[in-house]
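Inspection log for the structure reproduced underneath, given as C-alpha cells.
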Amino acid sequence: MTTPPPPASLRLVHTAAALRELPRGTGPRAVVMTMGALHEGHATLIRAARARAGAQGQVVVTVFVNPLQFGAGEDLDRYPRTLDADVALAAEAGADAVFAPSAEEVYPGGEPQIRIAAGPMGTLLEGASRPGHFDGVLTVVAKLLHLTAPDIAFFGQKDAQQLAVITRMSADLNFPVEIVGVPTVREDDGLALSSRNRYLSAADRRTALALSAALFAARDRLAAEEALRARAACAGHPVQDRATALAALGEDRAAADAHAVAYAAAGPPHGPSVARAAAQAVLADAAQLDPPLALDYLALVDPSDFTDVPDAYEGEAVLAVAAKVGTTRLIDNIRLVFGPAAPHDATPAPHPAAATGTGVDGPAEPAPARSTTTPQGPLGAPR
C-alpha cells in the first residue's frame, strides 16, 4: 500500500471539545498515543496509521505525559517535553492532528478515584518492578480512547507487556476499536529506539547494547538448534537420503552426522532453555562492563498472559529484558517461535539492526503486526 503524502497542515488542539470539532473525513480515524519526545519509532507508528487510514481517513497523535504511570523515584518533571518538535515530526509523518491535552483536561476532577486494574498480568515483570504502573497506563488509555473515539489504535511492540494488557483490556471491556501492534524500530547498532536513549552517555550506550545483543544471541542460538534438529531428523533416514540432505545443507557429511547423532541422543528439544542461556551469558558479561549493566529481569513468556514458559513449550513466546545502565532504565524484547518446523523468530531481521519487538515510548517498522480486538506507542514512563 502506498502511504498518502503528509497533510498540508496539521491541527494542534488541546481540548476534547476542539478535537470533536475537527472533520473526521469519510475513512477511519486512527490514533497513535504517545508521551511526546517523538522519534523515528513514533514516526513509523504514524506512517502505519496513515497507511491504514488512507487519504480519506484521519490520523490523530496524542501527546500527554500521564502522571498516573510514574511511580516512586520516577521523576515526572524530568520527562522530556518537546511539543513543537513533536508537532513537526507528526506532520511530516502524515498526521492530521495532534491532541495535546493538559492534566486538567484528562483528569478534570484531579487524580481519579476509580481506575482500571490490569489484573494478574499487570503484576508481572514491568508490573512487579513498577507496582501500579499498568493500572495507570490502562486508565489513561481508556480515557484517551473515549476522548479520541478512534476506529483503530496503534501501539509499539517494544513495550510488549503494555501492548498485551491494552489488547486484553480492549477485548474484556468491549472497546469498539482495533488494536494494532507495530514492530520495534532499532538504530543501526541494534539499540531499540526510545526517548530515554538521550540520557545515555557514550559509555552507557556501549553497555546498553547488551540488551539487544542478548536477544539476538537467543534468536541465533535457537536458529542453530533448529538446524541441528534438522540434521538429527536426517540421521534416521536411509544413508543416501541423509547424504543428499546434508549436501543440501552445504556441510561436511561426517561432521554433520556426528552432530545429528549427538543431538538426537540428547532427548527432547530444549529450545526455551538454550534461548534463555544464550541471552543470560551476554547479560552476565555486560554486568562486568564499566559502567555495568544492572539486570532487572530476563524472562521468556507466553504472550497471552506473560507467564514463564516451560522448557517443553511450543509456540510463540516473548523474550523480554529490562535493565539499568547508570540512572537510565531500558527495556527490549524479541518474539521467538518454538516447535518443529517453526521459524526461529516471528519477526526476523538482520543482526544487529533487527526490527523485532516497541513500546510506550517508541514503536516501529512498516507492515504492522495485527493484534486485534474488535467490539499496543508508546505511552511509557521513565524506564
* For Asn174, work out the one condition from (1) modelled with pLDDT of 95 or more; (2) open to solvent by 50 Å² or more (accessible area, probe 1.4 Å); (3) on the phi < 0 side of the Ramachandran plot it doesn't fulfil. => (3)
* **Answer residue from segment 110-165, given it is more than 19 Å from the chain's Cα centre (by Cα) and among the acidic types (Asp, Glu) and is farthest from Pro176 (Cα to Cα) among those** => Glu111
* Which residue pairs have Cβ atoms under 6 Å apart, sit 6 or more places apart or on different chains, and have a first residue in segment 30-42 that is farther than 16 Å from His146 by Cα and a second that is in a strand (DSSP E or B) and open to solvent by 10 Å² or more (accessible area, probe 1.4 Å)? -> Gly36/Val63
* In segment 127-138, residue modelled with the highest pLDDT [restricted to those that are open to solvent by 10 Å² or more (accessible area, probe 1.4 Å) and in contact with a helix residue (DSSP H, G or I) (Cβ under 9 Å, 6 or more places away or on another chain)] -> Asp135
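How many residues are of a type outside the set (Gly, Ala, Ser) and open to solvent by 10 Å² or more (accessible area, probe 1.4 Å) if we restrict to segment 310-329?
8
Quick one: which residue in Tyr313, Tyr297 is touching a helix residue (DSSP H, G or I) at 6+ places or on another chain (Cβ under 9 Å) and more than 21 Å from Gly71 (Cα to Cα)?
Going through Tyr313, Tyr297 in turn, the sole match is Tyr313.
Tell me the residue from Glu92, Glu105 that is charged (D, E, K, R), closer than 23 Å to Leu138 by Cβ and in a helix (DSSP H, G or I), please. Step through it out loud before you land on a result.
On the way: Glu92 fails: closer than 23 Å to Leu138 by Cβ.
Of Glu92, Glu105, the one residue that is charged (D, E, K, R), closer than 23 Å to Leu138 by Cβ and in a helix (DSSP H, G or I) is Glu105.
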* **Single residue of segment 71-89 satisfying the filter (of a type in the set (Asp, Glu) and open to solvent by 10 Å² or more (accessible area, probe 1.4 Å)) that is farthest from Val141 (Cα to Cα)** => Asp84
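The values are calculated or read from the model by the stated rules, or taken from the named source; none is laboratory data. Just so it is clear, the structure is predicted and the values come from calculations on it, not from any experiment. In this analysis, Cβ positions are derived from the backbone assuming ideal geometry, glycine residues included, and neighbour counts consider all displayed protein chains. Protein only, heavy atoms only, side chains kept; ligands, DNA and RNA dropped before computing areas. Shrake-Rupley method; radii C 1.70, N 1.55, O 1.52, S 1.80 Å.
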